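The structure appears right after this line, and notes come after that.
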Amino acid sequence: MRLEELTSLIMAQAKAKGFGTKPNDIDVAEKIALIHSEISEAYEAFRHQNIKGKDGFEEELGDAVQRILHLCGALGVDIEEVILKKLNSNKNRQWDWDKMNEGKS
Ligand SMILES: [Mg+2]
C-alpha cells in the first residue's frame, strides 16, 4: 500500500469520525503538538521496552505516522513526492559525523 492510499484511508476515517479534513477545519499547531506527543509516547514505550504491546513503541510510531498523514491529507501535502525529493537531494549531501552528537551512546 502506498502512502497516498494510506492517507486516503486515514482521511476517510477522519471524515467519518468528525476530525478535520480541510485546512480551515484544523489547528495546525495543535496537530503538530499531537504528532510530537505520539513521538514522546514512543520514546517512553521504548524506555520501558514495551515494543509490540498495547501502547507499545510500534503502536505509538503508527499513531505518529497516522497523525502526520492526517495533517498532510488535510493540507494537501503530497508526502510521497516530498520524501522522494528529499531522498534525492540527500544523495550527494555530506554529514560531518565528528561534529554531530547523534548515534553515540
Ligand atoms: Mg498514542
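Taken together, the values in this text are just the output of simple stated rules run on the coordinates, not laboratory data. Predicted model, so just to flag it, every value in this text is computed and none were measured. All Cβ positions, even for glycine, are placed from backbone atoms using ideal geometry, and neighbour counts span all protein chains on display.
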Q) Among the residues of the range 60-82, is there at least one that is farther than 26 Å from residue 2 by Cβ and either in a loop (DSSP other than H, G, I, E, B) or not basic (Lys, Arg) (or both)? A) no
Q | From the options 55, 98, residue that is of a type in the set (Asp, Glu) and in a helix (DSSP H, G or I) | A | 98
Q) Are any residues in the range 15-35 over 19 Å from residue 83 (Cα atoms) and under 16 Å from the mean Cα position of the chain (by Cα), and if so, which ones? A) 28, 29, 30, 31, 33, 34
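Would you be able to say whether some residue in the range 23-36 is in contact (Cβ under 8 Å) with a residue 60 or more places away in the chain and either among the aliphatic types (A, V, I, L, M) or assigned to a helix (DSSP H, G or I) (or both)? Steps first, please.
The initial filter retains those residues of the range 23-36 that are in contact (Cβ under 8 Å) with a residue 60 or more places away in the chain, namely none.
Among the residues of the range 23-36, not one is in contact (Cβ under 8 Å) with a residue 60 or more places away in the chain and either among the aliphatic types (A, V, I, L, M) or assigned to a helix (DSSP H, G or I) (or both), which makes the answer no.
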Q: From the list 63, 27, pick out the single residue that is out of contact with any His (no Cβ under 8 Å at 6 or more places or on another chain), more than 15 Å from the ligand (Cβ to nearest atom) and on the phi < 0 side of the Ramachandran plot.
A: 27
